[in-house]
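Asks: Starting off with a structure, shown below.
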């Protein structure tokens, strides 16, 4: 039996564990990336390990999230990250150079390599044939130190693409279609591997759009073959030497198979407030008054749709037109390279002439960093997430669409099908991109690294205190929440909160504020407590702050119906016990304020995959699942991954 494409890369990088489905494997990591919203904590953790130089082939620190400098905090974080990068062998992508995933695809990604990043959309690299996985900052810190990155050997899903996209139908519509099939939790524990004749019709930027939003499936990652299109993209970037051909063996076997006919797709949108709430534009407009949904705002950009070819299509649609007077249009090119080439080919002037507000090459509105919609406003965004409140406006209605839909709608003033525009011209990637890496600072030579001073601002605090797992736990249920709780619910983003990412005591005051504003004070007063939740708990961003803030507030265990992959691992890394109900009736029975107890906790963890919890308030007991590898058990017993790693480094 042959190997799938994903299995080939995984097998070549497995350094620990048996290569068996469902088992835990440790992967050698070739590259890492961080961004400034998660990077400061990752580097604090790396420093705590006491390792000098990074031990990867390439590690890159990007500044792209916290670029709104309305106080000293973000500027201090950028200065800290720059100094750490210079000292420890990390390349530093300066503010303004672009969004981490776009720049990494352009300048560093390579077929067949492994990449983990402290951002959930790291799978963007799968568009170039990498196994690229989003992870918590502490996992990235360990990988930078030369440690393996551990995952459960995933199921492999083959998505066969047939046909070719019709004019004005986009790569965004491909992943929206897959989300409508699989849902936001359908990819948990799986790698999505694309194949079929339709692959050859998609450029690398289009493939990257699809793998980027694979994160919304809950998938471990997504990957495309490395083929002639990949070679041409790398050649245009001046990096053809890193190209290798990669594809699945003809006799490879898959755990699941899905077929999508590209020629049958039509423009779609993900409706509020979930990426899998997908409808066609005609379905959405049919529900609106007068058959047309009026809009207030359009935002084009993000790591999903900010490539040069995306901007070329936007400029083509806007050429000679003016944005509707009732609509605000903001455009964020994905990188300095994209912005430079837009300036050179005239697209930037076209977009400006149409009345767009051109923002810097950064994440911006996607993470609530500016451009929040008006109260109750309808915003079309080419982004990857439309969780409630993520835009910065609690009652905004956010729809996820392609750049083609976004640009056409910005002119029309309502949700507009771009197929109404008539013939679509052909769009081609350039034979040569404008390469200028002057905004990427290399690290100091190893001989000079010892002289580099780490620059810390007053907002940069230490990692929260941890302790080995206790023998017994008796704590109150401090919060009970429902299904599909995202990391935006647990630890919100936005311009007011993101600057506190380096200060866990300060940012913890906003923990679960979307669900219950009184939670932080209540949890802190209790000293230790337990949180109860529903299914797919912790979906969305990889932000480890959604585990570190609860850790600081004294949360010792989280009991839910099911977890999202990255967040469960982040809880384990933080030393917080992740338990799952075996019977949903037990979830129904627990109420906030109930006193829960676990006896002989260390012995139960060491003995097997279940933990018995007593509800002392109700006089009941229930059994929870806690499947853990021996390594995960050791991490929890130590009190978290940082303690576990430091202990093993001493050995």
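Asks: Find all pairs meeting these conditions: Cβ atoms under 8 angstrom apart; at least six residues apart or on different chains; first residue within region 619-646 and on the phi > 0 side of the Ramachandran plot; second residue outside any helix (DSSP H, G or I).
Replies: From residues that are on the phi > 0 side of the Ramachandran plot, the pairs are 639/466; 639/467; 639/468; 639/469; 639/575; 640/466; 640/574; 640/575.
Asks: Given the conditions (1) under 30 Å from residue 278 (Cα atoms); (2) in contact (Cβ under 8 Å) with a residue 60 or more places away in the chain; (3) assigned to a loop (DSSP other than H, G, I, E, B), report the number of the one that residue 444 does not fulfil.
Replies: It is condition (1) that residue 444 fails.
Asks: Can you find a residue that is within 23 Å of residue 488 (Cβ to Cβ), crowded, with 19+ Cβ neighbours inside 10 Å, touching a strand residue (DSSP E or B) at 6+ places or on another chain (Cβ under 9 Å) and at pLDDT 95 or above anywhere in region 581-599?
Replies: yes
Asks: So, one more: If I ask for residues that are assigned to a loop (DSSP other than H, G, I, E, B) and over 19 Å from the mean Cα position of the chain (by Cα), which ones from region 85-103 would you list?
Replies: Of everything in region 85-103, those that are assigned to a loop (DSSP other than H, G, I, E, B) and over 19 Å from the mean Cα position of the chain (by Cα) turn out to be 89, 90, 94, 95, 96, 97.
Asks: Are any of the residues in region 39-52 without any contact (Cβ under 8 Å) to a residue 40 or more places away in the chain, more than 30 Å from residue 497 (Cα to Cα) and more than 22 Å from the chain's Cα centre (by Cα)?
Replies: no
Asks: May I pose another question? So is residue 379 under 25 Å from residue 178 (Cα atoms), buried (at least 22 other Cβ atoms within 10 Å of the Cβ), in contact with a strand residue (DSSP E or B) (Cβ under 9 Å, 6 or more places away or on another chain) and modelled with pLDDT of 95 or more or not?
Replies: Numbers: under 25 Å from residue 178 (Cα atoms): yes; buried (at least 22 other Cβ atoms within 10 Å of the Cβ): yes; in contact with a strand residue (DSSP E or B) (Cβ under 9 Å, 6 or more places away or on another chain): yes; modelled with pLDDT of 95 or more: yes.
Yes; evaluated as a whole, the condition is true for this residue.
Asks: Tell me which residues, restricted to region 551-568, are closer than 19 Å to residue 186 by Cβ and in a helix (DSSP H, G or I).
Replies: Once the filter is applied, which keeps residues that are closer than 19 Å to residue 186 by Cβ and in a helix (DSSP H, G or I), region 551-568 yields 565, 566, 567, 568.
Results for (1) over 20 Å from residue 119 (Cβ atoms); (2) assigned to a loop (DSSP other than H, G, I, E, B), shown as yes or no for each residue.
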site: 310; (1), (2): no, no
site: 314; (1), (2): yes, no
site: 322; (1), (2): yes, yes
site: 330; (1), (2): yes, no
site: 362; (1), (2): no, yes
site: 372; (1), (2): yes, yes
site: 376; (1), (2): yes, yes
site: 388; (1), (2): yes, yes
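Asks: Here's something else I'd like to know. From the list 460, 504, which one is under 30 Å from residue 601 (Cβ atoms) and crowded, with 18+ Cβ neighbours inside 10 Å?
Replies: The conditions single out 504.
Asks: Based on this model, can you work out whether residue 69 counts as over 16 Å from the mean Cα position of the chain (by Cα), surrounded by fewer than 22 Cβ atoms within 10 Å (Cβ to Cβ) and without any contact (Cβ under 8 Å) to a residue 12 or more places away in the chain?
Replies: In short, yes.
Asks: Next question. Here is a list: 283, 257. Which entry is without any contact (Cβ under 8 Å) to a residue 60 or more places away in the chain and not assigned by TED's automatic domain parsing to the domain that holds residue 486?
Replies: The conditions single out 283.
To keep it simple, each residue is scored yes or no on (1) touching a residue at least 60 places away in the same chain (Cβ under 8 Å); (2) over 30 Å from residue 569 (Cβ atoms); (3) in contact with a strand residue (DSSP E or B) (Cβ under 9 Å, 6 or more places away or on another chain).
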{"residue": "178", "(1), (2), (3)": "yes, no, yes"}
{"residue": "189", "(1), (2), (3)": "yes, no, yes"}
{"residue": "196", "(1), (2), (3)": "yes, yes, yes"}
{"residue": "201", "(1), (2), (3)": "yes, yes, yes"}
{"residue": "228", "(1), (2), (3)": "no, yes, no"}
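Asks: Taking the condition of being under 15 Å from residue 580 (Cα atoms) and touching a strand residue (DSSP E or B) at 6+ places or on another chain (Cβ under 7 Å), how many residues in region 616-651 meet it?
Replies: Result for region 616-651: 6.
Asks: Let me ask something else. Just checking, which of 119, 139 is buried (at least 22 other Cβ atoms within 10 Å of the Cβ), part of a loop (DSSP other than H, G, I, E, B) and touching a strand residue (DSSP E or B) at 6+ places or on another chain (Cβ under 9 Å)?
Replies: Exactly one of 119, 139 is buried (at least 22 other Cβ atoms within 10 Å of the Cβ), part of a loop (DSSP other than H, G, I, E, B) and touching a strand residue (DSSP E or B) at 6+ places or on another chain (Cβ under 9 Å), namely 119.
So that you can scan it fast, the table gives a plain yes or no per residue for (1) at pLDDT 95 or above; (2) in the same structural domain as residue 565 (by TED's automatic domain parsing); (3) in contact with a strand residue (DSSP E or B) (Cβ under 7 Å, 6 or more places away or on another chain); (4) assigned to a helix (DSSP H, G or I):
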{"residue": "10", "(1), (2), (3), (4)": "yes, no, yes, yes"}
{"residue": "37", "(1), (2), (3), (4)": "no, no, no, yes"}
{"residue": "47", "(1), (2), (3), (4)": "no, no, no, yes"}
{"residue": "51", "(1), (2), (3), (4)": "no, no, no, no"}
{"residue": "54", "(1), (2), (3), (4)": "yes, no, no, no"}
{"residue": "115", "(1), (2), (3), (4)": "yes, no, yes, no"}
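Asks: Further, regarding this structure: I'm checking my understanding of the structure. Among residues of region 487-520 that are part of a loop (DSSP other than H, G, I, E, B) and without any contact (Cβ under 8 Å) to a residue 24 or more places away in the chain, which one is nearest to the chain's Cα centre (by Cα)? Spell out the reasoning first.
Replies: So the first thing to find is which residues in region 487-520 are part of a loop (DSSP other than H, G, I, E, B), and the list is 491-497, 501-503, 511-518.
Filter once more, keeping what is without any contact (Cβ under 8 Å) to a residue 24 or more places away in the chain: 496-497, 513, 517-518.
Values: 496: 20, 497: 18, 513: 21, 517: 25, 518: 28 Å.
The residue in question is 497.
Asks: If you take the residues of region 415-457 that are under 30 Å from residue 105 (Cα atoms) and in contact with a strand residue (DSSP E or B) (Cβ under 8 Å, 6 or more places away or on another chain), which of them is surrounded by the most Cβ atoms within 10 Å (Cβ to Cβ)?
Replies: By that ranking, first place goes to 443.
Asks: Restricting to region 166-204, give me the number of residues that are surrounded by 23 or more Cβ atoms within 10 Å (Cβ to Cβ) and in a helix (DSSP H, G or I).
Replies: Residues flagged as surrounded by 23 or more Cβ atoms within 10 Å (Cβ to Cβ) and in a helix (DSSP H, G or I) within region 166-204 amount to 10.
Asks: Here's a follow-up. Do we find that residue 554 is outside the structural domain of residue 144 (by TED's automatic domain parsing), free of Cβ contacts under 8 Å to residues at least 12 places away in the same chain and surrounded by fewer than 22 Cβ atoms within 10 Å (Cβ to Cβ) in this structure?
Replies: So residue 554 does not fit the description; no.
Asks: Can you tell which of 79, 58, 107 is at pLDDT 95 or above and closer than 14 Å to residue 502 by Cα?
Replies: Matching residue, one of 79, 58, 107: 79.
The values are calculated or read from the model by the stated rules, or taken from the named source; none is laboratory data. The structure presented is a predicted model; accordingly, all values stated were derived computationally and were not measured. Please note: Cβ atoms are built from the backbone with ideal geometry, for glycine as well, and neighbour counts cover all protein chains shown.
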